[in-house]
Amino acid sequence: MFDSAQLPKIVAMALILLAASPAAAEDGHRLWLRYDPVETPLRQRYAAHVSELVIDAHGPMANAAASELKRGLSGLLAQSIPARAQVDRDGAVIVALAGSPELRLLHLRTSGLGTEGYAIRSATLDGHTATVIAANSERGLLYGTFALLRRIQTHQSLVQLNLRDAPALSLRMLDHWDNLNGFVERGYAGKSLWDWGALPQHVDRRYSDYARANASIGVNGAVLNNVNASAQILTPAYLRKVKALADTFRPWGVRVYLSARFSAPIEIGGLKTADPLNLAVRRWWRAKADDIYRLIPDFGGFLIKANSEGQPGPQDYHRSHAEGANMLADALRPHGGVVLWRAFVYASSDKDRAKEAYDEFKPLDGEFARNVIVQVKNGPVDFQPREPFSPLFGAMPHTPLAMEVEITKEYLGFNTHLAYLGTMWEEVLKSRTARPNPASIVADSLSAMAGVANTGTDRNWSGSQFDQANWYAFGRLAWNPRASSRAIAEEWARMTWGNDPRLVATVVRMMMSSRQAVVDYMTPLGLAHQMGTGHHYGPAPWVDDQQRAEWNPVYYNRADSNGIGFDRTATGSNAVAQYAPPIAMRFANLRTVGDDYLLWFHHVPWDFPMPSGKPLWHELIARYDRGVATVDAMAQTWASLQAYVDPERFQDTADYLRIQGQEARWWRDASIAYWQSVSHLPLPAGVRPPEHALAYYKSLSFPEAPGQ
Ligand code: GCV
């Protein structure tokens with residue numbers, strides 16, 4: 001029988017057992033939305049500002065905001081926060097739409113916030129202190145909610161707040177390269193999140209978690225399927241599945257888009273042609289758009305890869321990209337949808353690949369319908385560890401442009417290499433285009449940003465703990481393309497790892513040096529596309545046997561006994577001429593181009609004297625060594641953080657850094673062995689020779705490479 005006298009003993013034993021049992025696994029699944037309790041006494045200070053919730057807005061997104069506030073605040077403050085109909089004590093958090101009585105009383109103006117911005121203000125209402133989140137739309141309230149929570153997560157003050165923020169770009173999208181069979185092209189985080197087999201009957205919990213994470217960073221659109229698209233996605237059966245996802249994402253402000261295959265009228269429509277000027281084809285797309293909008297009234301639109309890498313497109317019918325895009329734009333226009341038409345094209349083998357997108361799209365400026373956005377990759381070739389900005393930015397003043405970046409690390413070591421890409425995107429966004437004004441930068445030319453997603457079914461979503469930072473940074477930069485990647489790294493580090501100043505400073509330091517390290521050990525000094533054929537993993541600078549010239553690393557490195565690099569000046573392909581004159585002059589001059597783009601724009605003799613005083617050959621080797629050394633330093637630094645980080649995530653990261661260290665050496669050694677076979681130069685004194693002969697590196701095949 002139960003003896004009540006034993007109760008205290010039982011409780012004490014239960015507590016001991018609980019304390020001894022391992023905490024829930026820290027697998028990174030919670031991303032940056034952890035909401036663990038803030039330590040006291042800071043928690044008490046926050047508690048004074050958060051005693052109750054007063055929500056004066058209704059609808060799916062306002063409800064999502066309210067539930068997020070409840071969840072976040074009760075987690076961070078370790079107490080439940082009651083919801084009230086009106087303010088009845090100090091410390092209320094009020095969520096209110098423009099025109100609500102609270103905002104009128106406070107004279108809180110929402111003009112200038114647009115349809116997605118928010119204001120957060122400390123105020124006094126009915127004699128009580130309060131914090132007000134105000135916006136013109138439910139979506140603005142959602143973003144304001146996450147902004148307030150972020151302040152607490154990153155230990156910022158809630159005193160005398162007077163914040164206003166709105167996104168600079170209206171479309172902030174994730175592009176999923178997910179195939180309908182569950183595989184993700186260039187995906188390194190497991191399989192596709194979308195379980196097409198079980199949809200629409202089974203709507204996995206992860207879908208709303210995914211949309212919620214996007215909402216927290218301002219991402220407002222998702223293209224669900226690969227740009228190498230299957231027409232099947234447009235069939236009624238799939239559209240019902242897409243609708244289920246759209247319904248799930250909607251409360252979190254994320255609209256659904258689809259990649260459409262240009263030849264779908266033939267493949268699933270029974271037509272004989274997909275010619276964009278053919279009336280039956282135009283009717284087919286209009287009817288398809290009508291069907292989609294009947295199911296999904298807020299459908300975003302289509303993303304198209306046309307006449308690129310074997311995909312069908314308008315040029316199959318001797319029509320231009322503009323004619324193709326405008327035909328789809330006509331079908332979507334009555335419903336408010338947009339066409340995102342990609343400028344990633346390269347087809348002619350006798351031309352510099354870096355020139356092709358500009359040459360094809362620049363002449364079409366002004367010819368696109370108003371609901372077409374041309375989507376341009378950040379660099380002129382293909383998501384390399386470093387490229388100069390695409391010359392199309394600033395060169396198409398009559399066409400809205402989106403910048404496409406690759407969050408998934410196809411060319412940067414997949415998921416095992418730690419590379420924070422915020423620095424790369426900041427570098428591109430802040431590059432001076434000098435168009436239309438001398439001070440114009442890439443960010444000025446943008447209407448939208450798209451990131452090729454790095455999400456998948458891995459518990460940690462992104463394939464590694466640190467790859468989550470790239471998803472996070474993408475959203476924050478798409479919201480504000482002028483933001484500082486360092487500030488974003490710090491925000492993410494605090495929310496993801498903790499607020500201890502030493503931990504934060506160390507993690508941020510690692511992140512900020514990480515992408516340059518990858519550049520150094522993979523493609524230093526402006527080299528590009530030296531990765532293995534097809535998979536793009538590991539070094540292969542010697543490859544010269546691919547059918548098309550521009551599929552071969554030797555096409556890009558042009559290394560010979562005289563020197564190395566691609567001459568894109570007037571004596572070579574003259575790609576520099578695609579940039580505005582001041583930029584072209586800088587890139588064309590060996591003395592002003594700078595180390596970062598040296599071999600991108602110039603073929604340089606091995607003995608060329610570098611600004612460091614070393615000849616190019618020595619400098620090149622020093623860069624590989626610097627890359628390896630930075631990775632070693634990251635591993636050591638990480639080891640010093642063991643006491644600050646939970647064991648699971650600590651170990652995951654330590655293991656991956658070890659792999660990265662091995663593979664950085666592989667890159668260094670294989671590359672140096674190959675350059676030496678071409679330059680015939682001795683290694684500088686004191687330099688460690690490659691561990692193996694060149695033949696060994698050439699013989700490796702994926703996935704037998706070291707670290708695999
Ligand atoms: C989706 C690169 C990638 C391809 C990708 C293509 C693109 O070439 O290797 O996997 O295809 O870019 O962006 O369309």
Task: 3J(HN,Hα) from dihedral phi, the range 543-549, Karplus parametrisation 6.51/-1.76/1.60, rounded to Hz, x for glycine, proline - done: 5, 9, 10, 7, 4, 9, 3
Task: Amide H partners (placed H, <5 Å) of ARG255, local residues excluded - done: GLY221, ALA222
Task: Fraction of antiparallel bridges per DSSP, the chain only, in percent to nearest 5 - done: 25 percent
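Would you mind giving the average projected area, over all directions, of the Cα convex hull of the range 150-293 in nm² with one decimal? Walk me through the numbers before you get to the answer.
Working: hull surface 46.0 nm².
Mean shadow area of the hull around the Cα atoms is 11.5 nm².
Out of the total accessible area of the range 356-416 (probe 1.4 Å, heavy atoms of protein only), what percent is carbon and sulfur? It would help to have the intermediate numbers written out before the result.
On the way: 670 of 1380 Å².
The computed percentage sits at 49.
Going by average Cβ density within 10 Å per residue, which order do the peptides 102-110, 399-407, 425-433 take, highest to lowest? List each step's numbers first, then the result.
Details: 102-110: 15.6, 399-407: 24.2, 425-433: 21.3.
Going from most to least packed, we get 399-407, 425-433, 102-110.
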Task: Crossing angle, helix 468-479 versus the chain [Cα axis fit, 0-90 degrees, rounded to tens] - done: 90 degrees
- [ ] Roll a 1.4 angstrom probe over the protein heavy atoms and tell me the percent of accessible area of the range 653-700 that is carbon or sulfur.
- [x] 57 percent
Task: Kirkwood estimate for the chain, i.e. one over the average of 1/r between Cα atoms, Å - done: 27.2 Å
Open item on the list: For VAL184, what residues show an amide H to amide H distance below 5 Å, using hydrogens built from the backbone and excluding near sequence neighbours?
Closed with: ASN179, SER192
Open item on the list: From the alpha carbon gyration tensor of the range 118-225, can you work out the equivalent ellipsoid semi-axes (sqrt of 5 times each eigenvalue) and give them in Å, largest to smallest?
Closed with: 37, 14, 13
TODO: Any of LYS430/LYS614; LYS305/LYS351; LYS191/LYS243; LYS351/LYS698 with alpha carbons more than 24 Å apart? Name them for me.
DONE: LYS430/LYS614; LYS351/LYS698
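Quick one: with all protein chains in place, what share of the accessible area of the range 131-172 is carbon or sulfur, to the nearest percent (1.4 Å probe)?
Looking at the range 131-172 in its full context, I get 41 percent from C and S.
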TODO: Set Lys and Arg Cβ to +1 and Asp and Glu Cβ to -1, take the dipole of the range 545-702 about its Cα centre, and tell me which of ASN574, THR653, VAL554 lies farthest positive.
DONE: ASN574
TODO: For a label point 7 Å from the Cα of LYS351 along Cα→C-beta, name the residues of the range 560-590 whose backbone N is under 17 Å from it.
DONE: 568-569, 572-579
TODO: May I ask you to derive the relative contact order of the chain, considering only C-alpha pairs under 8 Å and at least 6 residues apart, and to give it as an integer percent?
DONE: 10 percent
TODO: Can you work out the accessible area per residue across the chain, with the rest of the protein chains kept in place, probe 1.4 Å, in square angstrom?
DONE: 38 Å²
TODO: Please sort 149-155, 200-206 by packing, taking for each peptide the average over its residues of neighbouring beta carbons within 10 angstrom, highest first.
DONE: 149-155, 200-206
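Using just the helices of the chain, give the 222 nm mean residue ellipticity in deg cm²/dmol: DSSP H runs with n ≥ 4 each add -39,500 (n - 2.57), and the total is spread over all residues, rounded to 500.
-11500 deg cm²/dmol
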Task: For peptides 629-635, 65-71, sequence by mean Cβ density within 10 Å, most packed first - done: 65-71, 629-635
Task: Principal-axis tilt of helix 236-249 within the chain, Cα atoms, nearest 10 degrees - done: 60 degrees
Open item on the list: Nearest 10 degrees is fine. How inclined is helix 279-295 to the longest principal axis of the chain, computing both from alpha carbons?
Closed with: 30 degrees
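Place a +1 charge on the Cβ of each Lys and Arg in the chain and a -1 charge on the Cβ of each Asp and Glu, then give the dipole magnitude about the Cα centre in debye, rounded to the nearest 20.
Values: 71 positive and 71 negative charges, 274 e Å.
Around 1320 debye, computed over the chain.
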Open item on the list: Tell me the relative contact order for the range 43-132 as a rounded percent, counting alpha carbon contacts under 8 Å between residues six or more apart.
Closed with: 34 percent
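The values are calculated or read from the model by the stated rules, or taken from the named source; none is laboratory data. Please read all numbers here as calculations on a predicted model, not as lab measurements. Please note: Cβ atoms are built from the backbone with ideal geometry, for glycine as well, and neighbour counts cover all protein chains shown. With ligands, DNA and RNA removed, areas are computed over all heavy atoms of the protein, side chains included. Shrake-Rupley method; radii C 1.70, N 1.55, O 1.52, S 1.80 Å.
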